[in-house]
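One structure is given here, and the rest of the page talks about it.
The values are calculated or read from the model by the stated rules, or taken from the named source; none is laboratory data. A quick note: this is a predicted structure, and the numbers were derived from the prediction, not measured. Here the Cβ positions follow ideal geometry from the backbone for every residue, glycine too, while neighbour counts run over all protein chains shown.
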Amino acid sequence: MPVILEKKYKNGCYLAVWKIAESHDELQAMLPSEILTDAELANIHHPQKQIEFFCSRLVIKHLANSLNIKYLGIKKDEFGKPYLVGCNWQMSITHTSNYVAAVMHPNEPLGMDMEKPSEKIRRISRKFLSEKEIIEANDDLEKLCIYWSAKESLYKLYGKRKVIFNKNLYIYAFQKNAKEIVGRLKINEIDENYLIFIEKIDDFILVVAGK
Ligand SMILES: CC(C)(COP(=O)(O)OP(=O)(O)OC[C@H]1O[C@@H](n2cnc3c(N)ncnc32)[C@H](O)[C@@H]1OP(=O)(O)O)[C@@H](O)C(=O)NCCC(=O)NCCS
């Protein structure tokens, strides 16, 4: 299993990144049937989506094993936010292209995202950035990607709908090569700052948000 990056952050969050090299059937065989149920699989029709689904469960299983946590599978709440069955550890998953990544923390909620800087992100930047952030991003594609992934991560950390990206989520100004930045989630009664860690993996930017 090609885990290409594994680390623990200063806030107690554990990360594992997996580059997918296995075939669909090899991956499926690695998941026991009590963890990957037929009902779950029946909801995912596209073979590539099934591969991503297998890998995200396997990377969480890998993290759980190395943390001595019994992995009993993942379920989702009413908003689609995943949680570990029978365990209080918090988690988040992202998959993109040939990579899958997961993070776990003993008690604080987490969110993560992995993206490649792209023109598509630039095109939609006015939808997810505030006026101040647009000025700070200075139309730099890599910075725009960090803003996008950081906000996706905060969205996943919060886990509920009705988040307005350019109003409820704010990323404090940062330097292009920063490894750690700060984001703010302000919605309803919540007004909290979160640490956001940044990794560059090949052409991709991986972002993890947590307390
Ligand atoms: C749900 C969403 C965050 C997924 O992000 P993505 O980049 O498409 O996909 P990723 O691979 O990074 O993440 C997928 C994982 O997110 C997780 N996820 C889905 N819904 C979630 C939620 N409400 N909270 C936390 N995590 C969630 C799942 O674990 C999923 O993996 P799985 O299906 O294998 O279990 C995204 O589709 C979304 O809805 N974003 C917000 C959209 C929005 O409001 N945009 C406005 C911009 S202006």
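Hey, does the range 75-96 have a residue that's within 16 Å of the ligand (Cβ to nearest atom), part of a helix (DSSP H, G or I) and either at pLDDT 95 or above or of a type in the set (S, T, N, Q) (or both)? Looking through the range 75-96, none of the residues is within 16 Å of the ligand (Cβ to nearest atom), part of a helix (DSSP H, G or I) and either at pLDDT 95 or above or of a type in the set (S, T, N, Q) (or both). Under the condition of being touching a strand residue (DSSP E or B) at 6+ places or on another chain (Cβ under 8 Å) and closer than 24 Å to Cys87 by Cα, the residues counted in the range 20-65 number 10.
For residues that are assigned to a helix (DSSP H, G or I) and polar (S, T, N, Q), scanning just the range 35-66, find the one that is surrounded by the most Cβ atoms within 10 Å (Cβ to Cβ). So the residue we want is Ser56.
Look at (1) out of contact with any Ser or Thr (no Cβ under 7 Å at 6 or more places or on another chain); (2) of a type in the set (Ser, Thr, Tyr); (3) away from the ligand (no atom under 12 Å from the Cβ) and you find that Ser130 fails only one, number (3).
Which pairs do you get when a residue that is at negative phi, found in the range 114-128, comes within reach of a residue that is of a type outside the set (Phe, Trp, Tyr) and within 11 Å of the ligand (Cβ to nearest atom), reach meaning Cβ atoms under 6 angstrom, with the pair 6+ apart or on two chains? As it stands, the answer is Met114/Thr94; Met114/Thr96; Met114/Ala101; Met114/Leu206; Glu115/Ser149; Phe128/Lys151; Phe128/Asn166, since those pairs meet every condition given.
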